[in-house]
Amino acid sequence: SKKSLPSIERVPFTQETEQQIQRKYKLIQSIFVILTKMFSVICILLFCLLISFFPQIIVSFNLTLPHQHPYPDAVVQEVQRKVNESISRRQLWNTTMNAITTQCETGNPIDDCWRCDPNWSKNRQRLADCAIGFGQNAIGGKNGKYYVVSDSSDLDTVNPTPGTLRYAVIQEEPLWIIFSGDMFIKLKHELIVNSYKTIDGRGAKVHITGNGCITLQYISNVIIHNIHIYNCLPSGNTDIRSTPTHVGHRGRSDGDGISIFASRNIWIDHCALSHCTDGLIDAIMGSTGITISNSYFSHHDEVMLLGHDDKYLPDSGMQVTIAFNHFGVGLVQRMPRCRRGYIHVVNNDFTEWQMYAIGGSANPTINSQGNRYTAPVDANAKEVTKRVDTDEREWSGWNWRTDGDVTVNGAFFVPSGEEGLSNQYAKASSVVPKSAAIIDQLTLNAGVFGAPSEGVDRIEDRIKVLVYHMEEGPPPELAGAVVAGPAAPAMIVIFLE
């Protein structure tokens, strides 16, 4: 016989029972929410506790970019070696009669690399071997064909006319771009440059202005040499060809003179930049391997931005050399303004600013060596440096170093960084302070060669014009003077103060 199963007493499901279940569910849900929040807080506390034990981790943290130099101080040391070598050659020239008749050996290692060849125009691509600093590997269009720009127009940004600069810069193959003569190029929209291009304005007066100006985006190996760039305006919301096979719709640009975006191995040399809407040169979004040299900056507010945003970590790997430039009349600030990265500012002449010269945020490394800083008359603007929107308790640990700089008219550089953090500079050779005459000599040709506009601005601040008779002999203070006229009984000599 089958055994009967024990009966189960059924509990009637009432409204009161349902409420009890809901209360228990809400209680469990609340406990879960509290535990989740506690877990998040505990994780944050543990992380803060961990990093408090290892402050050096925070200081040395540097998000590596694929093409950044692993030993930036070695690059700094090599720059100084080349400068000292060129200055020594210049001083040797001064002991001979050739010093009276030649301006070839200037002490500037970039210019001395190619200008001493009287036939440089027959071997223009030698210039690619003359870069120094972090942009020294920028080969531009080396080993490529020469492309002669013969048409200054910019009528069509989608189908550029052969012979125009826009047609040349979008090509895929390496090109060394030169100009058939003097040109005034007014851009319709931003000029997007492809990789492995040299824009070489030597031997002509080349002016680039208009809408957008020059954009280097997601590319590498570009040299821009001896070009006037000014009056650049925002533009965009249009289609622009960037390669022979790609046309893209561009948003509105900022109106920079030169915009470097996520690019590497870039060298800007002997350019004159002024009067742009945003920055004269901006390098952002993980750009690295950049040298800006021998250029003349004037008549602008926010001169140069290095780094996209304080929170953009890839810019920690940005490495930029700023060398032999003249920061001249009508400048206000950002020479440069740095976010993260390693910035080497070497042998530049800062003759005017209204707010500050060098600024930064987000812990950039700034190594200032052998520069001359001439403060403005304003007693509230004598400081060279500015930590932007940062408390001293934070910036006091940043690595900002002044080494061999010359300060004039009350200028002063505020260094920072604990002694224990200065070891990263140990491999970089110390710089002997440059005399005023040497700084003048190194930056003598800053800007576009033979440009009268920048020459007038520089002469009024930096030289004397002295007339004397050869039979009387030069006055004692003319040691190392640069002769600016033919050998004649009466001549004009430009004396560098």
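The values are calculated or read from the model by the stated rules, or taken from the named source; none is laboratory data. Given the structure is predicted, the values throughout are model-derived calculations rather than measurements. So basically every Cβ, Gly included, is an ideal-geometry build from the backbone, and we count neighbours across all protein chains shown.
On the stretch given as region 254-283, residues that are within 12 Å of the chain's Cα centre (by Cα) and in a strand (DSSP E or B) total 13.
The listed residues are GLY140, GLY133, and the only one of them that is farther than 26 Å from PRO244 by Cβ and buried (at least 20 other Cβ atoms within 10 Å of the Cβ) turns out to be GLY133. Residues that are over 20 Å from GLU394 (Cα atoms) and surrounded by 24 or more Cβ atoms within 10 Å (Cβ to Cβ) within region 329-350 comprise LEU331, ARG334, MET335, PRO336, HIS344, VAL345, VAL346, ASN347, ASN348, ASP349, PHE350, listed in sequence order. Taken over region 101-116, the criterion of being surrounded by 19 or more Cβ atoms within 10 Å (Cβ to Cβ) and either part of a loop (DSSP other than H, G, I, E, B) or outside the structural domain of SER220 (by TED's automatic domain parsing) (or both) is satisfied by GLU105, THR106, GLY107, ASN108, ARG115.
Quick check on ASP301: is it charged (D, E, K, R) and not in a strand (DSSP E or B)? When the stated conditions are applied, ASP301 does not pass them.
Restricting region 117-129 to residues that are surrounded by fewer than 18 Cβ atoms within 10 Å (Cβ to Cβ) and in contact with a helix residue (DSSP H, G or I) (Cβ under 9 Å, 6 or more places away or on another chain), the residue that is modelled with the lowest pLDDT is ASP117.
Taken over region 71-86, the residue count meeting the criterion of being modelled with pLDDT under 90 and either within 17 Å of GLY135 (Cα to Cα) or aliphatic (A, V, I, L, M) (or both) is 1. Taking the criterion of being over 26 Å from PHE449 (Cβ atoms) and among the polar types (S, T, N, Q), the residues of region 195-239 that qualify are SER195, ASN211, GLN217, SER220, SER235, ASN237, THR238. The requirement of being in the same structural domain as GLN333 (by TED's automatic domain parsing), touching a Leu at 6+ places or on another chain (Cβ under 8 Å) and surrounded by fewer than 19 Cβ atoms within 10 Å (Cβ to Cβ) is fulfilled somewhere in region 353-372, by at least one residue. Taking residues in region 226-240 that are assigned to a strand (DSSP E or B), and partners anywhere that are modelled with pLDDT of 95 or more and of a type in the set (Asp, Glu), the pairs with Cβ atoms closer than 7 Å and at least 6 places apart or on different chains are CYS232/ASP256; ILE240/GLU190.
Considering region 151-203, the residues that are among the polar types (S, T, N, Q) and assigned to a strand (DSSP E or B) include one that is nearest to ARG126 (Cα to Cα), namely THR198. Do the conditions hold for LYS427, that is, is it touching a helix residue (DSSP H, G or I) at 6+ places or on another chain (Cβ under 6 Å), modelled with pLDDT under 95, in a loop (DSSP other than H, G, I, E, B) and assigned by TED's automatic domain parsing to the domain that holds PRO109? Taking the combined requirement at face value, the residue satisfies it.
Considering the conditions (1) surrounded by 15 or more Cβ atoms within 10 Å (Cβ to Cβ); (2) of a type outside the set (Val, Ile, Thr); (3) closer than 21 Å to LEU280 by Cβ, TYR147 is excluded by exactly one of them, (3). Evaluate region 123-146: report whether one residue or more is in the same structural domain as GLY317 (by TED's automatic domain parsing), over 21 Å from LEU216 (Cα atoms) and over 26 Å from the mean Cα position of the chain (by Cα). The answer is yes; a qualifying residue exists.
If the condition is being part of a loop (DSSP other than H, G, I, E, B) and among the charged types (D, E, K, R), then region 359-418 contributes ASP378, LYS382, ASP389, ASP391, ASP405, GLU418.
This table checks each residue for (1) in a strand (DSSP E or B); (2) in contact with a Phe, Trp or Tyr (Cβ under 6 Å, 6 or more places away or on another chain); (3) crowded, with 22+ Cβ neighbours inside 10 Å; (4) in contact (Cβ under 8 Å) with a residue 12 or more places away in the chain.
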{"site": "THR209", "(1), (2), (3), (4)": "yes, yes, no, yes"}
{"site": "ILE223", "(1), (2), (3), (4)": "yes, yes, yes, yes"}
{"site": "SER242", "(1), (2), (3), (4)": "yes, no, no, yes"}
{"site": "VAL247", "(1), (2), (3), (4)": "yes, no, no, yes"}
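Looking at the structure I just gave you, is ARG264 crowded, with 22+ Cβ neighbours inside 10 Å and among the basic types (Lys, Arg)? It is true that ARG264 is crowded, with 22+ Cβ neighbours inside 10 Å and among the basic types (Lys, Arg).
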